[in-house]
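Below: the structure, in structure tokens.
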Amino acid sequence: GQKMSEIQVRDLIINAIKNKKSNVLKELFETIPTIDIAEAMEDIEDVSILIYPFRVIPSEYTGELFAELSTDTQEKIINAFSDKDLIKLLEESYTDDIVDTLQELPANVVSRVLRVAPTDLRKDINQLLLYKENTAGSIMTTEFIEMKNITSVKDAMSQIREKGKDAETIYTIFVRDAKRNFVGTVNLDDLIFAKDNETLEDIMDRDFVACHVNDDQEDVANMFKRYDLTAMAVLNKEDKIVGIITIDDVVDIIVEEANEDVAALSHVAPLEDSYLDTPAWKMAVKCVPWIVIL
């Protein structure tokens, strides 16, 4: 059955890591969702074995793998890494994922990460860490494709080929004018079917939906649902674009809010972990006051 195959997959991953079979491991990363690999790795106690995948796996996977690990495991890995390894990991991870990690880690670990981070990245991390929790600013990423309205379609395509690998999404291009005001969005499919000599201004959507850095994350999630978005611009007080929010961040918020709502409906205090991760005794303790009152 499926349960058996999950256990087999877990054993395959753990054996490949423990026996340092790099080719087997690469194949597993290509065929198995990264979240499943991350969950299997949580069972490995020995940190020298835990960091093995980061040494041998192609960089397209390692940033995502790190983001999927638990905070305890992330902390163990950071402490075991040399500065050089850490720089490599930071360069392969999206800034918003790094910030999510840093918000949970002890101060001494955070200061080490910031110390080794390249200057531009450190600036972006600090900027995101400044925003209040549960706001659009706290969940946005600063890695997006932004272009001037006078850019030709041909030049835009070249820029995407050049910079697209470092962006969180290439499906939406965010367009600004000469004064850095955010003026529209262009979807990748519109760009592909446009004529080379047209400018982004000719083909962009001007009726875009955007949010502000201090907007509540739940309101942002509702805008994504209402307007069926995959990415949205985040603007500062001057209506300049400072980041974007992508649909994967919104899914996390919807799950988080749903957990809190279910907890409220059940007359229990919100749980620190999701329901599936919360032990039964902890759930029972949360309900005791209500049982006594009733």
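The values are calculated or read from the model by the stated rules, or taken from the named source; none is laboratory data. Model, not experiment: these values are computed from the prediction. Glycine also receives a Cβ, built like all others from the backbone with ideal geometry; neighbour counts cover every protein chain displayed. All accessible areas refer to the heavy atoms of the entire protein, side chains included, with ligands and DNA or RNA removed. Shrake-Rupley method; radii C 1.70, N 1.55, O 1.52, S 1.80 Å.
At D36 and R226, where each label point lies 7 Å from the Cα along Cα→Cβ, what is the point-to-point distance in nanometres?
3.9
Taking the solvent-accessible surface of protein heavy atoms with a 1.4 Å probe, what is the per residue accessible area of the chain in Å²?
57
First measure r as the distance between the Cβ atoms of N79 and V209, then evaluate 1/(1 + (r/R0)^6) with R0 = 51 Å and state the FRET efficiency to the nearest 0.05.
So the FRET efficiency works out to roughly 0.75.
Mean separation of Cα pairs under 8 Å and 6+ residues apart, divided by the residue count of the chain: what relative contact order is that in percent?
Over the chain, the number comes to 11 percent.
Roughly how far apart, in whole Å, are the Cα centres of segment 102-160 and segment 36-64?
24
Taking the mean number of other Cβ atoms within 10 Å as a proxy for protection, how do you rank 80-92, 133-145 from highest to lowest?
Those peptides, ordered most packed to least, come out 133-145, 80-92.
Counting only C-alpha contacts under 8 Å and six or more residues apart, can you give the relative contact order of segment 89-243 as a whole percent?
23
Translational diffusion coefficient of the chain at 4 °C, 1.567 mPa s, Stokes-Einstein with Kirkwood Rh over Cα pairs, in µm²/s as a whole number.
60
With contacts defined as alpha carbon pairs under 8 Å and 6 or more residues apart, what's the relative contact order of segment 26-169 in percent?
19
Exceeding 24 Å between C-alpha atoms, which entries from my cross-link table qualify? They are K123/K165; K179/K225; K88/K123; K84/K123; K163/K237; K88/K240.
Check vs 24 Å cut-off fails for K179/K225; K163/K237; K88/K240.
Of all beta bridges DSSP finds with both residues in the chain, what is the antiparallel percent, to the nearest 5?
70
For K26 and I291 in the same chain, what is the full-extension length gain: residue separation times 0.36 nm, less their Cα-Cα distance, in nm?
So the extension gain works out to 90.2 nm.
Note down the nm distance, to one decimal, between modelled labels 7 Å out along Cα→Cβ at V262 and at R180.
4.4
How high is the FRET efficiency between N187 and N134 when r is their beta carbon distance and R₀ equals 30 Å, given to the nearest 0.05?
Taking R0 as 30 Å, the efficiency between N187 and N134 is 0.55.
Can you pull the percent of the chain's accessible area that's carbon plus sulfur, 1.4 Å probe, other chains left in place?
52
Project the alpha carbons of segment 139-250 onto their principal axes and report the range along each, largest first, in whole Å.
Sorted largest first, the three principal extents are 40, 27, 24 Å.
Could you check the spin-label model distance between D11 and S59? Points 7 Å from the Cα along Cα→Cβ, value in nm.
Those two pseudo-labels are separated by 3.7 nm.
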